[in-house]
Structures are given as structure tokens and as C-alpha cells.
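Chemist: Handing you a structure now.
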Amino acid sequence: MVGDAVQHHTGGAGTAAGDGDAVSFAVRTAVVLAWSGLVAGYLVADRVAVLRGRTSWPSVRTASWLSGALLGLVVSVGPVASAAGNSFTAHMAVHLVLGMLVPLLLVLGAPMTLVLRAVPVHAGRRLAGLAGSPPLRILTHPVTALVLSIMPMALLYRDGSALALLHDPVAGPVLHVHFVASGALFAYAVVGVDPQPHRASVTLRAGAILVSIAAHGMIAKHLYSLAGAAGMPDGTAGAAQLMYYGGDAVHALLLVVFCLQVYRRTGRAGRRAGASFSGSASGRVV
């Protein structure tokens, strides 16, 4: 929707239409380069890490990152983006993909860990120190990430007054960048596999996910209540339903990932505790 969703308004001056076409082409080009850059940068980092002797990178991480980037490209330009420019329901599908599914796939690709494997030790230490700096600690806190993800979405779908931004040649792409960035920030805060020196507790992260599910559902229900109201586009009811059920589907996937991570960590701790107990018991004289 980023590039092809730019709607052109007819006017008397042919130069205005030409300028609009030029802006649309520039936006599409920038979007393609951005997503392609994410793919190329990841593969280059992987190759550099191999050349440095680090060859045990899980293929599932690479598949997750590439899937997220390619999926983002598919929904950002081309037929899907064109459909999203003319259909509010299609727009909502793009929103769900860019704001929830793509960020989760990118975060599970563990790009920061891959970069740390590829760069020299001194550079890696600096990056690790930056990850633990107070500004990033605040930014990656689950509550901060939740607010940055939910509040703009609530304002966008509060009524029909802000929907025109979706078709603006500048504001539209900026909104989609925000969808991806805020979604990735939230996914990193609650299920990130990259280094996070001050990771929030399991309880806090679980609470943030549950609040996100509730807030997403409330926004979808509010949007559904606006169907047929003045200023709302056709298909508002369908878009709201897609937002509600599609959001639940991605949230369910997020919860599965979260629960698997918690189970693996607590399971390892339990096995270590069990082994320690067995060892101490076997050493006793009966």
C-alpha cells in the first residue's frame, strides 16, 4: 500500500499529475530498496560471520527474517498495495501484515545477534553496551513498546478524520514505517531473541501481551461501531472484523512463541535443578 496506494486527484494542470506520478515512483523505488536492503544486509552479515569462522547460525533464523522481509515487500508495492489503496478491508490486511506478522518474523530472525557474530569483538562490545544504555532500555521496555504500538493505531481509527493520511504520498509511507517499527519494537520487548541486558520479567511481558490483545480488540470493536457513519469508507465493518479476528490470529502466534520460550527456559532450569538434586542424593551414604 505504501507506493501504489497514493491516490491522485484529477485537476486542470497536467504537471500536477506528472508530479504525482514522480512522487509515487520515488516512493515505490524507496520501498523496494528498503526491503531489498534488509534482505541483502542480513545475507551479507551471515556470509561475513561464516568467513570469521562462525558457521552454526540456525537456518530457521534466516528463513524467518527473509520471510518477513519478502512478505513486507509483497504487501508494500504491486497489486496488493493497489488493492489497499481502493479497499479499506485490503488496507486492514496490509496493516495486520506490516504491523504484526512481519515484525514478529523479523524479530525472530535475531538480526542483532547475527551482526554481533559478524563484526569484530571491540565493535560488538560497543553495540552490546549501546543495547544496555538507558534510552534503549526505556524504549524497549514492554510498557513503552505497547504504548507506541497501540496509541497511534487508536488515533488513526478513532474516526474517519485521520484516514486521509493513508493516501498522502508522504504521510502514508511514514505510517507504514511506524507500523513495522513499533510492531518490531513490541515483539522484541516481549519475545525478542536478541541480547537484551535488562529484559523485563516474564509476568510483565505476559501482561503486556494480554493488554495488547485487549486493546486491539477494543479498537476493532470501536471501528465496527463506526460502520456507515459519515466520513467512514465503504467496507468499514469488514475491515473491523478482519482487524479483530486477524489480530487474534497473530496474537495467538505471538503467545505460542512466548510460551515456548518460557517453557524452554524453565525446563532447562528444572532439569539442572533435578540433576543437581540427583547428584547430591547419590553422594549420600545410606
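The values are calculated or read from the model by the stated rules, or taken from the named source; none is laboratory data. What you see is a predicted model, and the numbers here were worked out from it, not measured in a lab. Quick reminder, even Gly has a Cβ in these numbers, built from the backbone with ideal geometry, and neighbours come from all protein chains shown. Quick note on the areas: whole protein, heavy atoms, side chains included, nothing else; ligands and nucleic acids left out. Shrake-Rupley method; radii C 1.70, N 1.55, O 1.52, S 1.80 Å.
Chemist: Please enumerate the residues belonging to the range 113-124 that are in a helix (DSSP H, G or I) and modelled with pLDDT of 85 or more. Walk me through how you get there before you give the answer.
Modeler: Here is the first cut: in the range 113-124, the ones in a helix (DSSP H, G or I) are 113-118, 121-124.
THR113, LEU114, VAL115, LEU116, ARG117, ALA118, VAL121, HIS122, ALA123, listed by residue number.
Chemist: Within the range 145-164, take every residue that is in contact (Cβ under 8 Å) with a residue 12 or more places away in the chain and within 16 Å of the chain's Cα centre (by Cα) and give me the one that is surrounded by the most Cβ atoms within 10 Å (Cβ to Cβ). Can you show your working first?
Modeler: Of all residues in the range 145-164, those in contact (Cβ under 8 Å) with a residue 12 or more places away in the chain come to 145-146, 148-150, 152-154, 156-161, 163.
Of the ones still in play, those that are also within 16 Å of the chain's Cα centre (by Cα) are 145-146, 148-150, 152-153.
On the way: ALA145: 24, LEU146: 21, LEU148: 18, SER149: 26, ILE150: 19, PRO152: 16, MET153: 20.
So the residue we want is SER149.
Chemist: Exactly one of these conditions fails for LEU38: (1) closer than 21 Å to TYR188 by Cα; (2) in contact (Cβ under 8 Å) with a residue 24 or more places away in the chain; (3) open to solvent by less than 40 Å² (accessible area, probe 1.4 Å). Give me its number.
Modeler: With respect to (1) closer than 21 Å to TYR188 by Cα; (2) in contact (Cβ under 8 Å) with a residue 24 or more places away in the chain; (3) open to solvent by less than 40 Å² (accessible area, probe 1.4 Å), LEU38 is out only on (3).
Conditions tested, residue by residue: (1) touching a strand residue (DSSP E or B) at 6+ places or on another chain (Cβ under 7 Å); (2) of a type in the set (Asp, Glu); (3) farther than 25 Å from VAL107 by Cα; (4) modelled with pLDDT of 95 or more.
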{"residue": "LEU204", "(1), (2), (3), (4)": "no, no, no, yes"}
{"residue": "HIS216", "(1), (2), (3), (4)": "no, no, no, yes"}
{"residue": "ALA229", "(1), (2), (3), (4)": "no, no, yes, no"}
{"residue": "VAL262", "(1), (2), (3), (4)": "no, no, no, no"}
{"residue": "ARG271", "(1), (2), (3), (4)": "no, no, yes, no"}
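Chemist: Cβ contacts < 6 Å: first residue in contact (Cβ under 8 Å) with a residue 60 or more places away in the chain, restricted to the range 126-137; second residue exposed (fewer than 14 other Cβ atoms within 10 Å of the Cβ) and not in a helix (DSSP H, G or I), any location; separation 6+ or different chain. Result?
Modeler: GLY132/PRO197; ARG137/HIS198
Chemist: I would also like to ask the following. Would you mind telling me which numbered condition in (1) under 20 Å from the mean Cα position of the chain (by Cα); (2) at pLDDT 95 or above GLN241 fails?
Modeler: Answer for GLN241: the failing condition is (1).
Chemist: Answer yes or no as to whether LEU155 is closer than 27 Å to PHE88 by Cβ and either in contact with a Pro (Cβ under 9 Å, 6 or more places away or on another chain) or among the acidic types (Asp, Glu) (or both). Spell out how you get there, then give the answer.
Modeler: Working: closer than 27 Å to PHE88 by Cβ: yes; either in contact with a Pro (Cβ under 9 Å, 6 or more places away or on another chain) or among the acidic types (Asp, Glu) (or both): no.
Spelling it out, it is not the case that LEU155 is closer than 27 Å to PHE88 by Cβ and either in contact with a Pro (Cβ under 9 Å, 6 or more places away or on another chain) or among the acidic types (Asp, Glu) (or both).
Chemist: Could you tell me whether any residue of the range 103-120 is more than 24 Å from THR140 (Cα to Cα) and open to solvent by 40 Å² or more (accessible area, probe 1.4 Å)?
Modeler: Taking the range 103-120 first, the residues more than 24 Å from THR140 (Cα to Cα) are 120.
From what is left, the residues that are open to solvent by 40 Å² or more (accessible area, probe 1.4 Å) are 120.
So far as the range 103-120 goes, yes, one or more of its residues are more than 24 Å from THR140 (Cα to Cα) and open to solvent by 40 Å² or more (accessible area, probe 1.4 Å).
For every residue, the table says whether it meets (1) hydroxyl-bearing (Ser, Thr, Tyr); (2) assigned to a loop (DSSP other than H, G, I, E, B); (3) under 22 Å from ALA171 (Cβ atoms); (4) at pLDDT 85 or above.
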residue	(1), (2), (3), (4)
ALA5	no, yes, yes, no
THR10	yes, yes, yes, no
ASP46	no, no, no, yes
ARG61	no, no, no, yes
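Chemist: Only one residue in ALA227, ALA200, ALA240 is aliphatic (A, V, I, L, M) and in a helix (DSSP H, G or I). Which one? Break it down stepwise before answering.
Modeler: On the way: ALA227 fails: in a helix (DSSP H, G or I); ALA200 fails: in a helix (DSSP H, G or I).
Residue meeting the stated conditions: ALA240.
Chemist: Answer yes if at least one residue in the range 182-190 is surrounded by fewer than 20 Cβ atoms within 10 Å (Cβ to Cβ) and in contact with a Lys or Arg (Cβ under 8 Å, 6 or more places away or on another chain), and no otherwise. First the steps, then the outcome.
Modeler: Our first condition is that a residue be surrounded by fewer than 20 Cβ atoms within 10 Å (Cβ to Cβ); within the range 182-190, this holds for none.
No: the range 182-190 contains no residue that is surrounded by fewer than 20 Cβ atoms within 10 Å (Cβ to Cβ) and in contact with a Lys or Arg (Cβ under 8 Å, 6 or more places away or on another chain).
Chemist: Of the residues that sit in the range 127-144 and are modelled with pLDDT under 90 and of a type in the set (A, V, I, L, M, F, W, C), which one is surrounded by the most Cβ atoms within 10 Å (Cβ to Cβ)?
Modeler: Across the range 127-144, the extreme among qualifying residues is ALA131.
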